[in-house]
Amino acid sequence: MSNLFSPKYLMKLIGNIETSLWKEYSSYKNVHFYIDKWHKTEGIYGGELWDNFIIAKTTEDKIDLSKTLHNMDGETLLKIAIDLGLETPDFIPAIPTFRNEIKSNYQNASITFEKAFKQIEEHPDVAIGLANSALESILKEILKDSRLNVKQSKKTLYELTSDLLKAFHLFPNSNMPKEIKTIGSSLLAINQSIEKLRSEKTDLHGKTEDEYIIKDPIYTYFIVNSVSTIGLFLQSFYRNKYLQDAEAVQNNASDELPF
């Protein structure tokens, strides 16, 4: 994964991490404690030690954070950025926008998605399950709108997506161009696949030793980014087609008041 990072991107990432660490922990001692938890050493043949990075010190024997961060590989820096809740738009582009969009209007989904975001590297299968739950939560909130006329019940991500697409007249709809119907059908298929991955390829429901579980985070990045992209589209469609119309009606009514 380290080959995916350009020097320019790493320079920017290191600057953001350094600022965040001093803001979070303030003292040299606590920053050192935090960095030390990422530090790994292993003994090798001949008695020499292997370090994943070198912790640099200042002349006062305090941690030289900037130099220490520059000693790290890109993958470790990305993990630290994710742990600190920093945005990484050049690596996983849809996620930062999605996180900001759902903070205020979808608080439960936001909390769940933040947990998913932090689990990507260490527990890829858990992150998939949490991302699935976050998307379910957003769809449930949208479907509460009485104008959509959808009966509320305990439903899966696939069922919720089907209800929402029908309410939005995106799928199935014979009056739509076939390209639009294809988009709706594809959204439904993607969400069904995410749901199946959660149920069949994670350890959330218990698995035997010979069953496949997603352990490589590169797949999880793709899945979580897909959840972000779909979530952004559906909540943006809802806002543009329903919330803005309601606000316009309210504003027009206010304009007609005689005072």
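Out of Phe113, Phe33, one residue alone is surrounded by fewer than 16 Cβ atoms within 10 Å (Cβ to Cβ) and aromatic (Phe, Trp, Tyr). It is Phe33. Of all residues in the range 132-147, those that are touching a residue at least 40 places away in the same chain (Cβ under 8 Å) and of a type outside the set (Lys, Arg) total 7.
When the residues of the range 81-100 are narrowed to those that are over 11 Å from the mean Cα position of the chain (by Cα) and buried (at least 18 other Cβ atoms within 10 Å of the Cβ), which ends up modelled with the highest pLDDT? The extreme case among them is Ala81.
Condition (residue is small (Gly, Ala, Ser) and either crowded, with 19+ Cβ neighbours inside 10 Å or assigned by TED's automatic domain parsing to the domain that holds Ile80 (or both)) applied to the range 197-207: is it met by at least one residue? Within the range 197-207, none of the residues are small (Gly, Ala, Ser) and either crowded, with 19+ Cβ neighbours inside 10 Å or assigned by TED's automatic domain parsing to the domain that holds Ile80 (or both). Only one of the numbered conditions (1) loosely packed, with under 14 Cβ neighbours inside 10 Å; (2) polar (S, T, N, Q); (3) under 19 Å from Phe113 (Cα atoms) is violated by Thr156, and that is (1).
The values are calculated or read from the model by the stated rules, or taken from the named source; none is laboratory data. Fair warning: this is a prediction, and the values are worked out from it, not measured in the lab. Reconstructed Cβ throughout: ideal geometry from the backbone, glycine too, with neighbour counts over all protein chains shown.
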